[in-house]
């Protein structure tokens, strides 16, 4: 059983397009996250949701919009894609906000914008 | 500003040697200091974590040493193996994880 899953695994698209990445966790966790990992491997937190409520919204262009339909799902929609959006996007979850240190990551979605 | 500084950026160690990665933090309001391991094409995975009221924690070949007064902590990998080759991230947690920049570790056979 996959604990945190993401779809798609690879996404190749052209500048200006809109795309979505889906994330699901079957761990029963309350808190979910989106991260961006650039080519230098640096991990940047983008958003955090706790019980479907937005907790963290880092300095991210408003072209990025997360949506949490329920506690087990956190999707990421990106409008008007730019070359600089090319990266690997990771979804993660933790039991709750008291166990932020223990996060479970999905396999990542490699986004390539051409 | 909350920051975690990690060094070195890359590290090559002979099989059987000790790998040491260091991190330093600035803010004192952290409740845990975890280390994550990431293999190519995979997401990071929690390796080991320590609370700030503990000076050392060991799990198998992996040990975290924590120096609260110096605001530093380090990961030691004893008897390093080629399978340990990965990128390692230190982090500090409060309501979110503050990440180090990562260390690419290569263990030479």
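Structure data summary
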| quantity | calculated |
| --- | --- |
| Output for the range B:48-58, where each listed residue is within 11 Å of chain A (Cβ to nearest Cβ) and either crowded, with 16+ Cβ neighbours inside 10 Å or touching a helix residue (DSSP H, G or I) at 6+ places or on another chain (Cβ under 7 Å) (or both) | B:48, B:49, B:50 |
| Residue among B:68, B:15 that is in contact with a helix residue (DSSP H, G or I) (Cβ under 9 Å, 6 or more places away or on another chain) and more than 10 Å from chain A (Cβ to nearest Cβ) | B:15 |
| Hits in the range B:29-47 - residues which are buried (at least 19 other Cβ atoms within 10 Å of the Cβ), touching a residue at least 60 places away in the same chain (Cβ under 8 Å), within 8 Å of another protein chain (Cβ to nearest Cβ) and assigned to a loop (DSSP other than H, G, I, E, B) | none |
| Residues (surrounded by 18 or more Cβ atoms within 10 Å (Cβ to Cβ) and either assigned to a loop (DSSP other than H, G, I, E, B) or away from chain B (no Cβ under 14 Å) (or both)) located in the range A:90-109 | A:100, A:101, A:103, A:106, A:108 |
| Options A:100, A:13: the member that is in contact (Cβ under 8 Å) with a residue 12 or more places away in the chain, farther than 27 Å from residue B:31 by Cα and touching a strand residue (DSSP E or B) at 6+ places or on another chain (Cβ under 7 Å) | A:13 |
| Every residue from the range A:61-89 that is free of Cβ contacts under 8 Å to residues at least 40 places away in the same chain and surrounded by fewer than 17 Cβ atoms within 10 Å (Cβ to Cβ) | A:61, A:62, A:63, A:65, A:67, A:69, A:70, A:84 |
| Given (1) touching a helix residue (DSSP H, G or I) at 6+ places or on another chain (Cβ under 8 Å); (2) farther than 21 Å from residue B:44 by Cα, number of the condition residue A:31 does not satisfy | (2) |
| Those residues of the range B:64-109 which are modelled with pLDDT under 95 and under 13 Å from the mean Cα position of the chain (by Cα), in sequence order | B:98 |
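Residue-wise test of (1) modelled with pLDDT of 95 or more; (2) within 13 Å of another protein chain (Cβ to nearest Cβ); (3) within 22 Å of residue B:88 (Cα to Cα); (4) assigned to a loop (DSSP other than H, G, I, E, B).
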residue	(1), (2), (3), (4)
A:23	yes, yes, no, no
A:34	yes, yes, yes, no
A:59	no, yes, no, yes
A:76	yes, no, no, no
A:80	yes, no, no, yes
A:88	yes, yes, yes, no
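The values are calculated or read from the model by the stated rules, or taken from the named source; none is laboratory data. Owing to the predicted nature of the structure, the values given are computational and were not obtained by experimental measurement. Because the Cβ atoms are built from the backbone with ideal geometry, glycine has one as well, and the counts that use them run over all protein chains shown.
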